[in-house]
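Coordinate-derived values only; no laboratory data. Worth saying up front: this structure is predicted, and the values here are computed from it rather than measured. Cβ: placed from backbone, ideal geometry, glycine included. Neighbour counts: every protein chain shown.
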Amino acid sequence: MADDWRLVHLKEQPFLQGQSFIRKSYKAYRPGWEHDHCAACWATIAEPGQSDEAACHEGYATTADYVRGADYEWVCVPCFDEFKAVMAWKDVPAG
């Protein structure tokens, strides 16, 4: 896994290490914001109908304790599952 390009990309973002994330449907960060990208694989994450059909419509978003706030950074579900342990991510339950 050490040579996985997605993990290399994540390691270049040390501010994501140990962060809390919550799984949720994507909602644009602010008006005029069309989509986000997975912090690991750069997959598009968007509201249904806002981007190409290949876009993910849910993922893991940072929580309010993140320095830039809730929903600022996103990770797609497959990447979160694969890199949760190595990145020490916390999966915060909804509600």
| Value at 222 nm in deg cm²/dmol, rounded to 500, when DSSP H runs of n ≥ 4 in the chain each add -39,500 (n - 2.57) | -5500 deg cm²/dmol
| query | If we count every other residue with Cβ under 11 angstrom of Asp4's Cβ, Lys/Arg +1 and Asp/Glu -1, where does the sum land? | reply | 0
| request: Excluding residues fewer than 8 places away in the same chain, name every one of the lysines whose C-alpha is closer than 17 Å to that of Lys84. | output: Lys11, Lys24
| said: Below 8 Å between Cα atoms, with a sequence gap of 6+, how large is the relative contact order for the stretch 5-91 in percent? | reply: 33 percent
| request: Give the distance, in whole Å, between the Cα centre of the stretch 1-60 and the Cα centre of the stretch 63-79. | output: 8 Å
| query | What order, most packed first, do the peptides 70-83, 4-17, 27-40 have when packing is the mean number of other Cβ atoms within 10 Å of each residue? | reply | 70-83, 27-40, 4-17
| Can you list the HN-Hα couplings for the stretch 13-20, worked out from phi with the Karplus curve (6.51, -1.76, 1.60; θ = phi - 60°), rounded to whole Hz and with x for Gly and Pro? | 10, x, 5, 8, 4, x, 6, 8
| field | Chain lengthening between Val67 and Lys90 when straightened (0.36 nm per residue, less Cα-Cα) | value | 6.7 nm
| remark: The ³J(HN,Hα) series, computed from each phi in the stretch 61-74 with the Karplus coefficients 6.51, -1.76 and 1.60 at θ = phi - 60°, rounded to the nearest Hz and given as x for glycine or proline, is 10, 4, 9, 4, 7, 5, 3, 9, x, 5, 6, 7, 10, 10
| Hey, rough spin-label estimate for Asp4 and Gln17, points 7 angstrom out along Cα→Cβ, what's it come to in nanometres? | 1.8 nm
| note | Computed ³J(HN,Hα) along the stretch 21-27: with the Karplus parameters 6.51/-1.76/1.60, θ = phi - 60°, integer Hz and x for glycine or proline, the list is 10, 10, 7, 7, 6, 6, 9
